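What follows is a single structure, written as structure tokens, with notes after it.
The values are calculated or read from the model by the stated rules, or taken from the named source; none is laboratory data. Model, not experiment: these values are computed from the prediction. Here the Cβ is made from the backbone with ideal geometry for all residues, glycine too, and neighbour counts use every protein chain on show.
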Amino acid sequence: MSETNQRYDVVVIGGGAAGLSGALALARARRSVLVIDSGSPRNAPASHVHNYLGREGTPPSELLAIGRAEAADYGAEIVRGDAVSAERLPDGFRVVRGDGGVVRARHLLVTTGLVDELPPVEGLAERWGREVLHCPYCHGWEVRDTAVGVLALSPMAVHQALLWRQWTDDVVLFRHEQADFGDEEYEQLAARGISVLDGAVASLEVADDRLTGVRLAGGTVIPLAALVVQPRFTARSAVLESLGLVPTEMVVGDHVVGTYIAADPAGATDVPGVRVAGNVANLMEQVVGSAAAGLKAASMINMDLVTEDTGRAVDARRAPFSAEAERQVTERVLGDRRHGLTEAR
Ligand SMILES: Cc1cc2nc3c(=O)[nH]c(=O)nc-3n(C[C@H](O)[C@H](O)[C@H](O)COP(=O)(O)OP(=O)(O)OC[C@H]3O[C@@H](n4cnc5c(N)ncnc54)[C@H](O)[C@@H]3O)c2cc1C
């Protein structure tokens, strides 16, 4: 294992929107920053990033390449690889990388994102981010006015179907393996013209590398342009767990939608010196919100470092004063004694 003496002000673990935005702010604050990034941002399967003001419709890899270049321009170092664990030291942290290398940091910003755990339907994972979708703000416009199916995986599916109805009037809700809905929900769905189909979805139908529909367990094929699912959002929290942090379950109604690492609004976790931002801390955050959270956490890290630096400077300033004060007191005491001895003679 190679371990250098180099110690960064901040090591950022995860170089997506949150991490790069944090790195940019820290580098501009004249902090030494290392970003360790394994290179698989959550939206990698999508062709474009939407609702990112000023960069609407940019491919995800392009947006991050721009972010890396901007942070690097101010001196941030960015390396490809993963961090596997971190350890708290008296004066900061030690981060162990997957290649066995070790780096040290005064503070950590962890922005490792989340994993979308998809339902085990044949052919579904392969279409994720293309025609298998979850977020209407990310993809709704692109599939507007087409046939959209919603796969019920939790009671939230009714809410999802009503939401997607905003983008198309052709929405069908597959009850799949979900228990029956309530009367009020059926009324809402009917009022918005959303039909409900019983029976499990067995597989996806694809032609010319495009989704064409879904096949029900009974063999019926329903033509569709897109299928909406609700993945389970699981925080990528291994490094944070190695520091003793425990993921919290996010519950909507009675349903667990995922896990996240709890933090205050500026990303401070229960481990002093460790802040989090983006999807690892907030499962609903989109790209622009993740970038904003990275900036906020970074500015608080800089403030924490300013406070530490100031404390050290005050101690250093006091230290020579104490030595001088001690010398003066000693001289005075010895002088008094000498004076007393002279008088006694
Ligand atoms: C299919 C899809 C499409 C989407 N489209 C949009 C959209 O159009 N607009 C929008 O605003 N949002 C969209 N989103 C949401 C968007 O992906 C997230 O909001 C955003 O990626 C969160 O940024 P982040 O920095 O928190 O995490 P990520 O972007 O996931 O970045 C985390 C980074 O950390 C790295 N990493 C993880 N673990 C480690 C480790 N141990 N060591 C080192 N590196 C590590 C990963 O490789 C990754 O590069 C979409 C999501 C999906 C799934």
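Do we find that G81 is in contact (Cβ under 8 Å) with a residue 12 or more places away in the chain and closer than 20 Å to L305 by Cβ in this structure?
Working: in contact (Cβ under 8 Å) with a residue 12 or more places away in the chain: yes; closer than 20 Å to L305 by Cβ: no.
In short, no.
Which condition breaks for I66 when tested against (1) in a helix (DSSP H, G or I); (2) surrounded by 14 or more Cβ atoms within 10 Å (Cβ to Cβ); (3) of a type in the set (A, V, I, L, M, F, W, C)?
Result: I66 passes all but (2).
Check whether at least one residue in segment 89-107 is over 18 Å from L20 (Cβ atoms), surrounded by fewer than 18 Cβ atoms within 10 Å (Cβ to Cβ) and within 9 Å of the ligand (Cβ to nearest atom), and report yes or no.
Yes.
Being of a type in the set (D, E), surrounded by 14 or more Cβ atoms within 10 Å (Cβ to Cβ) and modelled with pLDDT of 95 or more is the requirement here; does D82 meet it?
Numbers: of a type in the set (D, E): yes; surrounded by 14 or more Cβ atoms within 10 Å (Cβ to Cβ): yes; modelled with pLDDT of 95 or more: yes.
For D82, the condition - of a type in the set (D, E), surrounded by 14 or more Cβ atoms within 10 Å (Cβ to Cβ) and modelled with pLDDT of 95 or more - is met.
For segment 8-54: of the residues being in a strand (DSSP E or B) and surrounded by fewer than 24 Cβ atoms within 10 Å (Cβ to Cβ), which is farthest from the ligand (Cβ to nearest atom)? Don't jump to the end; show me each part of the working.
Kept after step one, since they are in a strand (DSSP E or B), are these residues of segment 8-54: 8-13, 33-37, 49.
After this cut, where a residue has to be surrounded by fewer than 24 Cβ atoms within 10 Å (Cβ to Cβ) as well, the list is 8-9, 34, 49.
On the way: Y8: 15, D9: 18, L34: 11, V49: 5 Å.
That would be D9.
List, please: which pairs have Cβ atoms under 9 Å, are six or more places apart or on different chains, and start with a residue in segment 32-55 that is on the phi > 0 side of the Ramachandran plot and end with one that is more than 8 Å from the ligand (Cβ to nearest atom)?
So the pair list comes out as G39/R80.
Does segment 162-191 hold any residues that are of a type in the set (D, E, K, R) and under 17 Å from V148 (Cα atoms), and which are they?
Applying the first criterion (of a type in the set (D, E, K, R)) to segment 162-191 yields 165, 169-170, 175, 177, 180, 183-185, 187.
Selection gives R165, D169, D170, R175.
Pairs needed: first member in segment 126-153, at negative phi; second member anywhere, more than 9 Å from the ligand (Cβ to nearest atom) and among the acidic types (D, E); C-beta distance under 6 Å; at least 6 residues apart or different chains.
Within 6 Å, the pairs are A147/D170.
What single numbered condition from (1) farther than 21 Å from P60 by Cα; (2) surrounded by 18 or more Cβ atoms within 10 Å (Cβ to Cβ); (3) more than 12 Å from the ligand (Cβ to nearest atom) fails to hold for V143?
Here V143 meets the rest and fails (1).
May I ask you to list the residues in segment 146-164 that are surrounded by fewer than 19 Cβ atoms within 10 Å (Cβ to Cβ) and part of a loop (DSSP other than H, G, I, E, B)?
T146, A147, S154, P155, M156 - these are the residues of segment 146-164 that are surrounded by fewer than 19 Cβ atoms within 10 Å (Cβ to Cβ) and part of a loop (DSSP other than H, G, I, E, B).
Pick out the one residue from V79, V121, V84, V132 that is among the β-branched types (V, I, T), over 26 Å from L295 (Cα atoms) and either more than 16 Å from the ligand (Cβ to nearest atom) or under 20 Å from the mean Cα position of the chain (by Cα) (or both).
On the way: V79 fails: over 26 Å from L295 (Cα atoms); V84 fails: over 26 Å from L295 (Cα atoms); V132 fails: either more than 16 Å from the ligand (Cβ to nearest atom) or under 20 Å from the mean Cα position of the chain (by Cα) (or both).
Every option except V121 fails the conditions.
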